[in-house]
1. Take segment 127-145 and flag every residue that is outside any helix (DSSP H, G or I) and either of a type in the set (Gly, Ala, Ser) or open to solvent by 10 Å² or more (accessible area, probe 1.4 Å) (or both).
2. Every residue in segment 480-499 that is touching a strand residue (DSSP E or B) at 6+ places or on another chain (Cβ under 8 Å) and either outside the structural domain of ASN639 (by TED's automatic domain parsing) or open to solvent by less than 10 Å² (accessible area, probe 1.4 Å) (or both), please.
3. If a residue must be assigned to a helix (DSSP H, G or I) and at positive phi, how many such residues does segment 305-337 contain?
4. Which of the residues that make up segment 580-591 are open to solvent by 10 Å² or more (accessible area, probe 1.4 Å) and more than 22 Å from SER131 (Cα to Cα)?
5. Counting only residues that are in a helix (DSSP H, G or I), among the aliphatic types (A, V, I, L, M) and farther than 26 Å from ARG266 by Cβ, how many does segment 338-377 have?
6. Hand me the list of strands (runs of 3 or more DSSP E) wholly inside segment 214-304 holding 1 or more residues that are crowded, with 22+ Cβ neighbours inside 10 Å and of a type in the set (Phe, Trp, Tyr).
7. Does segment 305-321 hold any residues that are open to solvent by 10 Å² or more (accessible area, probe 1.4 Å) and touching a residue at least 12 places away in the same chain (Cβ under 8 Å), and which are they?
8. Within segment 677-695, how many residues turn out to be out of contact with any Phe, Trp or Tyr (no Cβ under 9 Å at 6 or more places or on another chain) and either without any contact (Cβ under 8 Å) to a residue 24 or more places away in the chain or open to solvent by 20 Å² or more (accessible area, probe 1.4 Å) (or both)?
Amino acid sequence: MGNINARCVVTGLGMVNAIGKNVDECWENALKGTPGIDRVKSVNSDACYAHLGAEVKDSDIEKNDKVDRVSVLCLQASKEALKDAGITEGSIDASRMGVIMGSCVGGVVSIENYIEKGEKTEDINKMSIASIANHVADMAGAKGVVTNIGNACAASTMSVAYACELIRAGVGDVFIAGGADAFASVPFAGFTALHALSENPCSPFNHSNGITLGEGAGAIIVESYEHAVKRGAHIYCDVLSAGISSDAHHITAPRPDGIGQMYAIRRAVEKSGIKYEELDYVNAHGTGTAKNDEAEFLSLHTIFDDVNDHLSVSSTKAMVGHCLGAAGAIEAVYAIKALTDNKVPPTIGYTAEDLETLKEKAGKIDFMPNEMKEKEMNYVMSNSFAFGGSNASIIFAKNEGNMGEKENDEDIYVTGIGIVSPVGNGLENYIAKVNGIVKNEEVNLVSELGKEDFDKYDIKLAFYRKLDKLSTMQVVSGIEAIKDAGFEFNDENAEDFGMIIGTGDGPITTVYEFQEHISKEGTQNGSAFNFPNTVYNAAGGYLSIKTGMRGYNVTITNGNQSGLGSVCYAANEIRQSRAKAMLASGSDENSDVMKKLYTQLGLVADAKGGIYENEKGIALSDGSVTLALESASNAASHNAKKYAKIAGYAMTHEGVGYGNIKGSDAGLENAVKEALKAADIDADKIDAIFGFGNGLEEVDSIEKNVYGKLFDKEMPVINVKDYVGEARAAAATLGAAHAALTLSGDLSKEQDAYFMKDGNVRTGKVNTEGFEYVLVTSYATGGSYSAVILKKVN
């Protein structure tokens, strides 16, 4: 059982950036105002207009050629945090320890290496953000919830917030949370193309003429107060509440009026149970670009000018650069150290003339020019704002605060479905094809979108021409789910609706093509048009811009199961009253690039085989599927159709090494058991399973083994990949959509199924008319599993 107001505390810190290889060194240098910015060495900037960066010295990090540099950085910070917390493998219940890591660009160094150094197979599994948390989980032996958040520069702040949400939901005791990003050609070329880099060291809240990119990692051990006390851990501080929102404005620029930022800040403060005048320090997002600094400057003054006369604000990016997805975690560590040491780090770079200008515009806020100050503090906040309009603010405190969260104990229903798939687009089309038993006979499938789809949902050319295929599919499936559910948004309710986007491979095609271009044409010739689509949360950002949804907006990425993990995450947000309704999506694309990479890994079938028998490999596919979830009262308020009830859900991990297709029977078994426990039913109540087998014997055998062990009867297993192929995260969400459509009676009562018992499989027809509870499962390479139980609505 969870407790939405349970205390979450910080017991360990880890950090590496351009001014230090550990927390102590980074903190001491920050207090001194030590700059870590210099001419870049890892990227060729000779033909670029800007040449500066804040790189981590190679001598400051461990050498590890088996993982991408981003994971090297993350592992180093995570090891330090675990050591600081006094946690060793076996010292705590591994099933109650999880890992949530954020990143903006993930393994782009490995994408560059692959393209420029001989297309080595060993680089492929290093490319995705999904690998990062898996490597940390393997190192730490974590077997709880493991995932990554891909919301660009807000990712790692969101990771800490989500870790606390999961502790308060009762699904874990300890989380390693944070994020990492490595210096690489793609972001450097992209920001060069946007003309967003400063020719001089970045100057937040001062000259504001551009950013200086950095790299690094931050890791925070977050655990329940009771667990920390029981094991005698040193407690740095409490983590109170967080605010997460979406601007719904522009893919790269913040809203000039700061509405999204202010919503995140206000929600964090108010849900923490503190007063605005009690906040002592803000580690600002403070990037050094004019638009970002102006929006944050406006937000801070608007909220605090009339109520707080002692607020200190600084941007440590002036020293360590903008570390992208690692920025939030690094700055959270700095904020926690400021709180516990009662010392505020400076914003460096002010001249005497700058100081005079600052006096005129700073008002009551102390922007900490050049020198640190000692100050007694009780409450501090860290802000992170990102591409896609993502905003996140989080508050740390010396005491437990007065949390005012209220749990929503209403039932949660699936009330809308949107589908983009290789068998066609639209819910009605999917139902017609499946009822007509149109099964896949191909080994390479792609979803197609055209003018008919755009006209149907009023998506204009001026909008969709900016999108890559991943984002286009997501926007179409998302809008269809919104319309199917009957949601209508306006200025009064826009923050009440949120979304969780799940993706296995994210925009790897776009990133690959961007890198391929600059490898040929030079770092100075990146495309300002394509660069915004290289971030994983672009798809969710475009959907919020198109629809006006300004609520909770997070993109998760941990392999195929991300599409079902999004359902778990979205349901939890409704349960913890952060939204009245949520979209839960799974999206992944097929392309020449993806086909090339999956074929090189030896996963794609060269001829059509079977699932669960006669396996020859996957039929690579793509698509986007979105479910609309809402509370019972919200559904009743607009007389929504209820396809199915979310009865229970769970996510688990049993590490087998990222990239290892052969998963773990124990991981799936634990996920199913935890979902049954959450639904408060026995295994014999399950009438059917909607499974994840994909034509790889290593994957299919896990289901055959586990279902035979958990269920006494011959269990019918329905698999949507018979129709759409291995669409990865999209297939995972489609499994839940197909299950909901089965329970609602929208699909044919007679469906094809695989009947499993004691490891044996036979095929046949199953009558679904009497189904009451069904189980949906999904997996990801590396050993992560999701399980969701749906119940028929009477």
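1. Selection gives SER128, GLY141, ALA142, LYS143, GLY144.
2. If the condition is that a residue be touching a strand residue (DSSP E or B) at 6+ places or on another chain (Cβ under 8 Å) and either outside the structural domain of ASN639 (by TED's automatic domain parsing) or open to solvent by less than 10 Å² (accessible area, probe 1.4 Å) (or both), then ALA481, ALA485, GLY498, MET499 are the ones that fit.
3. Selection size over segment 305-337: 1.
4. Once the filter is applied, which keeps residues that are open to solvent by 10 Å² or more (accessible area, probe 1.4 Å) and more than 22 Å from SER131 (Cα to Cα), segment 580-591 yields only LYS580.
5. Here the count works out to 2.
6. Here the list reads 281-283.
7. Answer for segment 305-321, where residues must be open to solvent by 10 Å² or more (accessible area, probe 1.4 Å) and touching a residue at least 12 places away in the same chain (Cβ under 8 Å): ASP305, VAL307, ASP309, HIS310.
8. The number of residues fulfilling the criteria is 3.
The values are calculated or read from the model by the stated rules, or taken from the named source; none is laboratory data. None of these values were measured; they are calculated from a predicted model. Counting neighbours? That spans all protein chains shown, and the Cβs are built from the backbone with ideal geometry, glycine included. Heavy atoms of the whole protein, side chains included, go into the accessibility calculation; ligands, DNA and RNA do not. Shrake-Rupley method; radii C 1.70, N 1.55, O 1.52, S 1.80 Å.
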